[in-house]
Every structure is written in C-alpha cells, then in structure tokens.
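The values are calculated or read from the model by the stated rules, or taken from the named source; none is laboratory data. Bear in mind the structure is a predicted one, so any value in this text is a computation, not a measurement. Don't worry about glycine lacking a Cβ; one is built from the backbone with ideal geometry, like all the others, and counts go over all protein chains shown. Only protein heavy atoms, including side chains, enter the accessible area calculation; ligands, DNA and RNA are left aside. Shrake-Rupley method; radii C 1.70, N 1.55, O 1.52, S 1.80 Å.
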Amino acid sequence: MKNGKFKDFMYSLGSFSAGILGQTVSTVAIYFYVDIMKVPASRISLVMLFYGIWNAINDPLFGQISDTTVTRWGRRIPYIAIFTVPMCVAFALLWMPPYPPGAEQSLFWWYFIMIFLFDSFFTIVVLNWTALFPEMYPGLEERARVSALRQILGIIGTIFGVALPFVIVEKFSWKFMGILFGIMGLVTMYASLLGSKERPELAREDSLPFKEALKQTFINKSFLTYVIPAMLVQYTFVALLAVVPFYAQYVLEATELQTTLFLGVLFVMAIPFSLVWSKIISKIGAKQSFIYASAAYSVCLLPFLVAQNYIHGIITALFLSFGLAGLLVLLDVLIADVIDEDEVHTGFRREGMYFGVNGFMIRLGISLNAIVMGWVLNISGYDAYLTVQPDSAIWGMRLLMTVVPIAAMVLSLAIFRHYPLEGEYLDRVKAQLNEIRKKQAEERGDSSASPSTLDS
C-alpha cells in the first residue's frame with residue numbers, strides 16, 4: 001500500500017512540472033512582453049493566432065504518433081524522457097530576450113519562435129505523461145483520488161508559476177526566474193517517471209490510420225460534449241490568470257506582493273477543496289459533480305465586477321477556489337471515461353489522440369484569451385506607459401474578470417448537459433471493458449490475472 005502511494009505521488013509530480021512551466025507562460029508571458037518589454041498587445045495577439053493554428057496540427061499528430069509507438073520502453077515514457085530537456089531550455093529562453101524593451105520587431109520574432117518551440121516540446125511531454133493516467137488508474141474511485149493528488153501538486157506548481165515570478169523578479173531578474181523554474185520543471189518531470197508504468201498489451205502498431213482516428217474522435221458524442229465544455233472551462237482559467245496581474249494592480253490597487261498573495265489564496269485554498277471533491281465525485285459521479293462545480297465557480301466570479309479594494313478581492317478568491325478545485329479534479333476523470341468508451345467501440349486504446357485533440361482545444365482557449373484580452377484592453381483604452389489607467393480600461397479589466405468567463409461557463413453547461421456517460425450506460429461501458437481486459441489476460445495465458453474493477 002505504502003509503495004503504491006509512493007508511486008502515485010511520484011507519477012503525480014509531473015503535474016507540478018506542467019503547472020509551474022505551463023501556468024507561468026499562460027499567466028505572465030503576455031504581461032511580460034506587453035507591459036515590461038512594451039510589445040503592442042495587437043502583435044502578441046497575432047502570435048497567438050498562429051500559435052492556435054499550429055496547435056490544430058501538432059496536438060492530434062503527436063497524439064497519434066504516441067498511440068502507434070511500440071518500443072521496449074513503452075509508447076509514452078520514451079517521449080517524456082527525450083523531450084523534457086528541450087522543453088525546459090525553451091522555457092528558460094522565453095524569459096531572456098536579447099533585445100531591450102521597445103524593440104518591437106525583434107521582440108515580436110523572439111516571442112514567436114520561443115513560444116512555438118516551448119509549446120511543441122511541452123505538448124509532446126505533457127500529452128504523453130497525461131495519457132498514462134487512464135491506463136494506470138481504471139476505476140472511478142482511484143481516478144478521483146489520484147486526480148486530486150495530481151491537482152494538488154499541479155496547484156502547487158501553479159502557485160509557483162502565477163504567484164512567485166513577481167517576487168523572484170523583484171529580488172533577482174526575469175532571466176533568473178526562467179532558469180530556476182526550468183530546472184524545477186526538469187527535475188520533477190523526470191522524477192514522475194519513477195512512478196510511471198505502461199501496460200505493454202495495450203500498445204498496437206495497427207491502430208486506426210490518422211484520418212480515421214480523427215474521424216472517430218470527432219464523431220464521438222461523449223467526447224464532443226466533453227471537449228467543448230472543457231475548452232471553455234480551461235479558457236476561463238487562462239483568462240483569469242492572465243488578467244489578474246492587470247486587475248490587481250489597476251483595479252484593486254494592489255502591490256506586487258499583494259498580487260502574489262491574491263493568487264496564492266485562490267490556489268492554496270483549492271488544495272484542501274480538491275480532497276473534498278475527490279469524495280464528492282466518488283459518491284455522486286463525475287457528470288453531476290461537474291455541474292455543481294461549474295455553478296459554484298460561475299456564481300463566485302460575480303463579486304469581482306464590483307470589488308472596490310484588495311480585501312474584497314481576497315474574500316472573493318476564497319469562495320471561488322471551491323468551484324475551481326472541483327473543475328480541476330474533474331476534467332481528467334471525465335476524459336478517462338470517454339477513452340474507456342472509445343476502446344469498447346473501436347477496439348483500440350487511444351489516449352494519445354484524445355489528449356492530443358483535448359490539448360489542441362485547450363491551446364485554442366489560450367489563443368482565444370489572447371485575442372479577446374488584447375482586443376478588450378485595446379478598445380478600453382489601456383496604455384502600458386500609464387501608471388494610472390482610465391476608467392474605461394478599469395471597466396474593461398472588470399469585464400474580463402467576470403462577464404467574459406461567466407458567459408463561457410454558461411455555454412459550457414448548456415453543452416455538457418448532453419454528455420451521456422452517466423448512470424446505467426456508464427455501468428455497461430465499464431462492464432464491457434472488464435470483459436475486454438479478461439480476454440486480454442486469457443490471451444496472454446495469465447489465468448490468475450483478474451481485471452481491474454472499473455467502477456462507475
């Protein structure tokens with residue numbers, strides 16, 4: 001038991017690596033290049049548009065390659081081992097442009113190249129690490145438990161990524177922060193391999209061809225009614241994290257330390273709430289839990305529209321963290337059920353393709369945020385050279401913290417209500433998958449093996 005918990009912890013450390021690297025880029029990169037390096041927000045939005053197009057190609061492609069890889073070391077683990085180093089190097093270089101603030105053209109191209117390199121390597125590593133989750137943990141209870149552990153470590157990584165950069169930069173530099181976080185991401189991702197394990201019998205070279213794999217993925221009702229809501233939810237996460245530095249500084253008139261504490265409160269409180277949601281999910285199921293978490297999250301965004309000072313912001317963040325924690329735990333639990341259903345229907349285990357398309361949709365949300373945020377800041381009159389922003393810009397930031405993410409959540413729930421994997425149908429899927437595992441064990445001549453309990 002203790003050994004199992006140790007392996008669960010080590011595997012889950014990959015979430016810390018993804019959190020510290022991914023969230024730092026999502027939260028601070030636009031602020032760094034727009035407010036610090038003085039690149040026009042419209043030019044950064046252009047980069048993110050091309051970034052979204054690239055992700056339309058690379059996420060599903062890398063997922064398909066992973067699904068059809070067969071090596072003596074597995075189909076996921078080799079990619080993690082090989083591409084973690086270049087991922088972390090690209091991350092560090094993103095924060096050390098060799099050009100001064102205001103050199104718009106040079107900085108534009110530096111950001112363009114570095115964000116594309118980092119994202120490509122990040123996709124390969126994190127997609128393969130995440131794809132191990134449904135395979136290693138087949139039952140709802142263990143998925144909820146390990147997902148909660150992953151999110152706790154991911155939240156800690158996120159706290160590092162969204163709250164500490166300003167503290168570190170104040171004492172050292174952006175370059176130092178990039179190198180330090182790159183090393184931390186490197187160490188924890190490699191440590192995750194100590195708890196990672198693959199099932200060789202699930203690797204098949206004769207998987208669906210790329211076009212057929214895409215087709216089967218996009219005609220899957222369960223996936224469509226999951227992935228669009230999931231994209232909208234992830235969009236709100238990215239949108240909030242990206243606008244908080246602006247909102248805290250100009251609306252709440254917070255210092256950099258107070259901004260750090262604001263973000264820290266939001267995510268630190270999500271840690272115990274993740275454990276609460278693990279129990280809730282096991283009791284009432286993933287679909288109903290998602291609905292409750294989404295409702296709580298949406299309602300608790302409203303006070304940001306009228307918050308007048310830093311204390312108001314902190315109190316709102318405390319309440320918001322409950323719904324946030326539930327959504328963080330649930331996203332991977334839901335897609336794991338989708339992957340189980342797909343194996344029953346197609347006969348292939350295709351975590352790579354599903355997480356690849358899901359990753360593309362998440363990146364689409366990031367690109368959408370950059371476009372929406374850049375547009376709202378521009379039309380509301382935000383000026384990076386002003387220490388006090390006009391009232392129109394203040395209201396633009398308030399809208400970005402409330403109306404925009406709430407609208408995304410309402411649309412998410414309207415679509416998710418059609419998600420079919422619940423109740424008796426989900427029970428049948430789990431029973432069929434148990435039979436598949438039993439046949440696989442018999443074909444291997446492992447008569448003593450019993451399939452994992454795929455509870456609903």
Only one residue in Glu170, Glu212, Glu142 is among the acidic types (Asp, Glu) and in contact (Cβ under 8 Å) with a residue 24 or more places away in the chain, so which one is that? Glu170
Filter the stretch 310-323 down to residues that are aliphatic (A, V, I, L, M) and open to solvent by less than 10 Å² (accessible area, probe 1.4 Å) and give me whichever is farthest from Leu232 (Cα to Cα). Ala317
Among the residues that make up the stretch 421-442, is at least one of them at pLDDT below 85, polar (S, T, N, Q), over 30 Å from the mean Cα position of the chain (by Cα) and open to solvent by 70 Å² or more (accessible area, probe 1.4 Å)? no
What are the residues in the stretch 357-389 that are in contact with a Ser or Thr (Cβ under 8 Å, 6 or more places away or on another chain), free of Cβ contacts under 8 Å to residues at least 24 places away in the same chain and at negative phi, if any? Ser380
For Thr217, indicate whether it is open to solvent by 10 Å² or more (accessible area, probe 1.4 Å), β-branched (Val, Ile, Thr) and either at pLDDT below 85 or under 30 Å from Val410 (Cβ atoms) (or both). no
Name the residue that is nearest to Phe6 (Cα to Cα), counting only residues in the stretch 121-135 that are among the aliphatic types (A, V, I, L, M) and open to solvent by less than 10 Å² (accessible area, probe 1.4 Å). Leu132
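Which of the residues belonging to the stretch 386-416 are among the small types (Gly, Ala, Ser) and more than 19 Å from the chain's Cα centre (by Cα)?
Ser392, Ala393, Gly396, Ala407, Ala414 - these are the residues of the stretch 386-416 that are among the small types (Gly, Ala, Ser) and more than 19 Å from the chain's Cα centre (by Cα).
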Looking at Ala293, Ala230 in this structure, which one is free of Cβ contacts under 8 Å to residues at least 40 places away in the same chain, within 18 Å of the chain's Cα centre (by Cα) and open to solvent by less than 30 Å² (accessible area, probe 1.4 Å)? Ala293
Against the condition farther than 28 Å from Pro134 by Cα and not acidic (Asp, Glu), how does Leu194 come out, does it pass? no
Give the stretch 340-376 a look and list any residue that's of a type outside the set (Val, Ile, Thr), over 30 Å from Glu212 (Cα atoms) and open to solvent by 10 Å² or more (accessible area, probe 1.4 Å), or say none. Trp375
Residue check, Thr24 under 23 Å from Leu149 (Cβ atoms), among the hydroxyl-bearing types (Ser, Thr, Tyr) and touching a Pro at 6+ places or on another chain (Cβ under 9 Å): yes
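Each row is one residue, and each column tells you yes or no for (1) out of contact with any His (no Cβ under 7 Å at 6 or more places or on another chain); (2) surrounded by fewer than 18 Cβ atoms within 10 Å (Cβ to Cβ); (3) not small (Gly, Ala, Ser).
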residue	(1), (2), (3)
Leu241	yes, no, yes
Val265	yes, no, yes
Ser278	yes, no, no
Lys283	yes, yes, yes
The correct count of residues that are buried (at least 19 other Cβ atoms within 10 Å of the Cβ) and either in contact with a strand residue (DSSP E or B) (Cβ under 7 Å, 6 or more places away or on another chain) or of a type in the set (D, E, K, R) (or both) in the stretch 136-157 is 3
On the basis of being buried (at least 16 other Cβ atoms within 10 Å of the Cβ) and modelled with pLDDT of 90 or more, does Leu164 make the cut? no
